Amino acid sequence: MKIACIRAYQVDLPLIEGSYNWSGGKSVSVFDSTIVAVETDDGTVGFGEVCPLGPAYLPAFSAGVRTGLREIGPSLIGCDPRELGALNLRMDSVLRGHPYVKSGIDIACWDLLGKTSGLPVCTLMGGRHGDAVRLYRAISQQSADEMAAKITRYRDEGYTRFQLKVGGDPDTDIERIHAARDILPASHRLIADANTGWTQHEAMRVVRATKNLDVYIEQPCETYEECLAIRRGTDHPFVLDENIDSLGMLLRAKSDLAMDVVNLKISKLGGLTKAKQARDLCVAMGIAMTLEDSWGGDIATAAIAHFAHSTPEAFRFTSTDFNSYVTVCTADGAPQRMSGWMKASDRPGLGIQPRMDVLGDPLLEIR
Ligand SMILES: [Mg+2]
């Protein structure tokens, strides 16, 4: 089996809430997603999706996905899509870095591996653990009262974990964290994710002012060293995200005891193959994970569901159903949230069928 053709489609994903706002005044109202199709010489097609959280979150941007695909695509024609280790070596040998560019191809090849073997991706990634995957809801940055009202609404829909977008003015963020914790029962988890937005002294003020609350602190500052300083100055459970973009950083953070939970995003690491390496290492080292991606629609959500569902339950902190944040459906068969949980499909591959009328004509085709 050989890769005969690679196509990329561009889809706009408007947000149900109108916009998504996080640290430093950053905001997105319509996500620009790239859906990648990898077709083999026997006509089987696998699909993947890459959707950066705008151009200013990670070192990734939507047009970069397409430009990168034009760069690496021709070198992949003729490769066996089922040989994922060899395929990833090939991608890394023709383009240094740029993991997010490679993520859509890698996911599409896992989908192909599943379709040709007749097995769901989660079975191929280690096996299904438990009945369903627990989700968190990200609460876009607004006033403390508005954020608390959103939490109430999503709690009523069944979510039990909430990620509060903070990383703004520290006094306002302290209010936001108190307002959110006040309305949640003790069994519900609250994560204050600053997305690198606080300077070190601001972060220290926030953790001191919330000292008696049950709240997790995620990626308070921009650099790893600043985060480590905050980690050593608080007993709040601590999550690292933006800084952990490689196995090397994961090992360093474990060695420094720099986190209790790590956020693994499929495209940040370069696809399901590399996300699985990091996931398996976390399981071996005893670190729980948020298993997700930077954003996306139905296909990204399906990939997250297989990635998370094949992770032992004790190490699954949360995951995300991105397809419930956007107004456009790009594929049938994607996981649908059931009261704060979702399941990976039982069907072969990712278990999704893209809506080709929504995808439209491909922006690029490489043969
Ligand atoms: Mg985060």
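Key figures for this structure:
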read-out: Residue match in region 67-87 (condition: surrounded by fewer than 24 Cβ atoms within 10 Å (Cβ to Cβ) and closer than 27 Å to Gln219 by Cα); value: no
read-out: Yes/no for Leu53 being part of a helix (DSSP H, G or I), of a type in the set (A, V, I, L, M) and out of contact with any Lys or Arg (no Cβ under 6 Å at 6 or more places or on another chain); value: no
read-out: Verdict on Leu135 being in contact with a Gly (Cβ under 6 Å, 6 or more places away or on another chain), surrounded by 21 or more Cβ atoms within 10 Å (Cβ to Cβ) and assigned to a strand (DSSP E or B); value: yes
read-out: Among the candidates Ala308, Ala344, Ala334, residue that is outside any loop (DSSP other than H, G, I, E, B) and either modelled with pLDDT of 95 or more or more than 15 Å from the ligand (Cβ to nearest atom) (or both); value: Ala308
read-out: Unique match (being more than 24 Å from Leu119 (Cα to Cα) and polar (S, T, N, Q)) among Thr327, Thr301, Thr311; value: Thr327
read-out: Residue check, Ser19 modelled with pLDDT under 95 and open to solvent by 10 Å² or more (accessible area, probe 1.4 Å); value: yes
read-out: Residue within region 243-260 that is touching a residue at least 40 places away in the same chain (Cβ under 8 Å), among the acidic types (Asp, Glu) and open to solvent by less than 20 Å² (accessible area, probe 1.4 Å) present; value: no
read-out: Extreme residue, farthest from the ligand (Cβ to nearest atom), among residues of region 194-223 that are buried (at least 18 other Cβ atoms within 10 Å of the Cβ) and in a helix (DSSP H, G or I); value: Met204
read-out: Residues of region 180-193 satisfying the condition of being among the charged types (D, E, K, R), crowded, with 17+ Cβ neighbours inside 10 Å and either away from the ligand (no atom under 16 Å from the Cβ) or without any contact (Cβ under 8 Å) to a residue 12 or more places away in the chain (or both); value: Arg181
read-out: Within region 241-295, helices (runs of 4 or more DSSP H) holding 2 or more residues that are at pLDDT 95 or above and outside the structural domain of Phe317 (by the TED database); value: none
read-out: Among (1) open to solvent by 30 Å² or more (accessible area, probe 1.4 Å); (2) touching a residue at least 40 places away in the same chain (Cβ under 8 Å); (3) among the hydroxyl-bearing types (Ser, Thr, Tyr) - the single one Ser143 does not satisfy; value: (2)
read-out: Residue satisfying all of: in region 267-293; open to solvent by 10 Å² or more (accessible area, probe 1.4 Å) and touching a residue at least 60 places away in the same chain (Cβ under 8 Å); farthest from Cys329 (Cα to Cα) among these; value: Asp280
read-out: Among the candidates Gly46, Gly54, residue that is on the phi > 0 side of the Ramachandran plot and buried (at least 18 other Cβ atoms within 10 Å of the Cβ); value: Gly54
read-out: Which numbered condition Ile177 fails, given (1) open to solvent by 20 Å² or more (accessible area, probe 1.4 Å); (2) within 16 Å of the ligand (Cβ to nearest atom); value: (1)
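Let's see how each residue does on (1) within 20 Å of the chain's Cα centre (by Cα); (2) in contact (Cβ under 8 Å) with a residue 60 or more places away in the chain:
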residue	(1), (2)
Ser23	yes, yes
Ser29	yes, no
Asp41	no, no
Val65	yes, no
Pro74	no, yes
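The values are calculated or read from the model by the stated rules, or taken from the named source; none is laboratory data. This is a predicted model, so every value here is computed, not measured. Using ideal geometry, Cβ is built from the backbone for each residue, glycine included, and neighbour counts are taken over all protein chains shown. Keep in mind that these areas ignore ligands, DNA and RNA; they rest on the heavy atoms of the full protein, side chains included. Shrake-Rupley method; radii C 1.70, N 1.55, O 1.52, S 1.80 Å.
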